Amino acid sequence: MKGSSFYWLLIVLLGLAWNLNEVNGLCSRKCPCMANRAYCNGMYLKEIPDDFLPTLTHLDVHNNLITNLTRASLAHLTRLQTLMLASNRISSIEDGIFANFRNLAGMDLSKNKLEKLPRGMFRGARSLQAITLANNALVDVEGLFRGLRRITILNLKYNNLQTITEKTFIENIRLRYLDLSHNDISAIDSNAFRNLRRLRYLKLNNNPLTDLMSLKFDSSKLSLIDLEFCQLGQVVEGLPKSLQDIRMGHNNIRYISANDFRQNTRLSKLNLANNSLEYIHNEAFRHMRQLQELWLNKNYLSLLPKRIPSRLRILHLEENNIYNIPENIFRHHWSLSSLYLQKNRIKKITKRTFKGSNLRNLDLEKNSIAQIEVRAFAGMSRLQSLDLSDNPTLVLDPMALDELSGLIMLKIRNLDKLDYVPSGLFKDMKSLRFLDLTGSPLIVAKMLSWDLNAGYFNTLTDLNLMNTGLSRLPVHFPDYLPKLRSITLTGNPWYCDSDIVWMRRWMYTPGLNVYMRWEIKCALPLKFKGAQLNQLSELDLAQIDPIVQSQSRTHTDEIPIGLNNTKSYPQYPYNLVSKKTETSKERTENTIDKKSEW
């Protein structure tokens, strides 16, 4: 249950749905009211006003300067149903203060300075259903909640609690939501929650539970248990069959045995991320037939378990040591839609690696992939997002990316060591909308010299060409990208001459977002080195003759771009087909003549 959901439920239980149709008025010298509800938020009050009518049922005094609560301060308000005292400076509360509050259903004392509460504080308030004592400095709550058999929500997060015994919540048999997170709890009796048969959400995260071995639950309805950041060295035993969501990320668990989750057959979510996992038994997930989301990322796994739940939708395996994906391992996983394998050591993708899968999102960024076989993604027509970035030794075989007709987003970043790119790399991508080629100059060269001319990018809306060694774009570049809405051109050594005037104007095309266009800077000529292109006038640019480029060069020839640049980039042969061919001089003259039209 998310925090916002908890507070919404708390508000409902506390009956704080203010009726805005009721007439506003004053029921106290300082506080506005709505019927029997008083709202005293942020009034700098040092004590609760004593002039409220005894019929008051809802009192909100949060965000004030109250330091203590006495029986006398609330004696005239015994009909209260909700009491909101959060964000004050309360450090002491008198014993038995709520003895006569038989209708009190909800109370918020969070964000105060409470270190200790009297054991009999809630004596008599037997109708309490929701209590939040979060963000205080409580060390011990033993015996504090005795007699509260109707309480369903109890929030004790961000305190200094140290121990939970078998008797701490023994009488709170209707509890549904219990939050003990962010305390200093180091010991929990295995029977502490045994009698809480209606408990659905149990949050124990961010406690030093190094020695927690097992917990017991009788006929439990528990749906979620959060044990993240608890310094656990192994999976806690005894977790009930009813659980649908187990969170054990950010611990020190090193292995998962065949029986650790054997009885958790109803699980839909399991989070074991950020542990020290080196080994998972092949049968560990065998009985999880309902599992849909599995987090195993940021561990030390080198192999995948052979039995992956067949209904899994999302699988996180990023940041492990996986070097090989067994062929056909995903063959019968038709529900698997998202697979995250970035930051591993995978070396090869074969035509059987993902065969039979219905993946929509596949992330292979930052691996050691050297080869993608021909038609490796054949049959994956539903794949919408693919990331092959940062695989420095990657060799792109012809037809390596064939049959990706449904692909919408493709990232091939930082492949600056490629020495060959096959023609027609994008030919089957009929739905491509987002293309990121940051730091991949040879792929951009092929794109501009071949693929663009072939009409492969009619659907493209977002294009990233950052850090690709571009010194200019062909004048008819926009004609081949009719749906382009966003482009990134920063980090390139632009040659700012008369041939770039058209691009400067195009950067301001209505409906086109040129990301950080003020960072598009000139590398040549020397007089404009470091200048922002958008700060140069068209007249200044028109006076610079364009570079005369050798027509004998091909896209595989490399020439240095810019000044003091140790890296070489490919020369682009801009032989794009156009409706009209202009000389550089004609293009410059036309650009200046048509200035008023823009």
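The numbers here are math on the coordinates, done by the rules we state, and not lab data. Treat the numbers as computed from the prediction; the structure is a model and nothing was measured. With ideal geometry, Cβ positions are generated from the backbone for all residues, glycine too; neighbour counts draw on all protein chains shown.
A few points about this structure:
- Dividing the summed -39500 (n - 2.57) terms of all DSSP H runs of n ≥ 4 by the residue count of the chain sets its mean residue ellipticity at 222 nm at -2000 deg cm²/dmol.
- Placing +1 on the Cβ of every Lys and Arg and -1 on the Cβ of every Asp and Glu, with nothing else charged, gives the chain a dipole about its Cα centre of roughly 1960 debye.
- Cross-linked pairs Lys298/Lys351; Lys111/Lys221; Lys241/Lys306; Lys347/Lys430: Cα-Cα separations exceed 25 Å for Lys298/Lys351; Lys111/Lys221; Lys347/Lys430.
- For the chain, the longest principal axis of the Cα atoms and the long axis of helix 584-593 meet at an angle of about 60 degrees.
- DSSP bridge pairs, the chain: antiparallel proportion in percent, nearest 5: 10
- Mean shadow area of the range 193-322 over all directions, Cα convex hull, nm²: 6.8
- Positive-end ranking of Leu541, Val501, Asn159 along the dipole of the chain, with charges on Cβ about the Cα centre, is headed by Asn159.
- Those aspartates and glutamates that a straight Cα-Cα span of less than 14 Å connects to Lys483, excepting residues fewer than 8 apart in one chain: Asp462
- Ranking Ser381, Asn492, Gly455 by Cα position along the charge dipole of the chain, where only Lys, Arg, Asp and Glu carry charges on their C-beta atoms, puts Ser381 farthest toward the positive end.
- If only the Cβ of Lys and Arg carry +1 and only the Cβ of Asp and Glu carry -1, the dipole of the range 193-322 around its Cα centre is close to 720 debye.
- By the Cβ-Cβ criterion of under 4.7 Å, the unpaired cysteines of the chain are Cys230.
- Rounded Å value of the spacing that divides the Cα centres of the range 469-483 and the range 353-430: 24
- Its relative contact order, with pairs defined as Cα atoms under 8 Å and 6+ residues apart, puts the chain at 4 percent.
- Scattering profile of the range 288-357 at q = 0.20, 0.22, 0.26, 0.29 Å⁻¹ [log10 I(q)/I(0), Debye over alpha-carbon scatterers]: -0.82, -1.00, -1.35, -1.50
- Normalising the Debye intensity of the chain to I(0), with uniform scatterers on Cα atoms only, and taking log10 at q = 0.07, 0.12 Å⁻¹ returns -0.67, -1.05.
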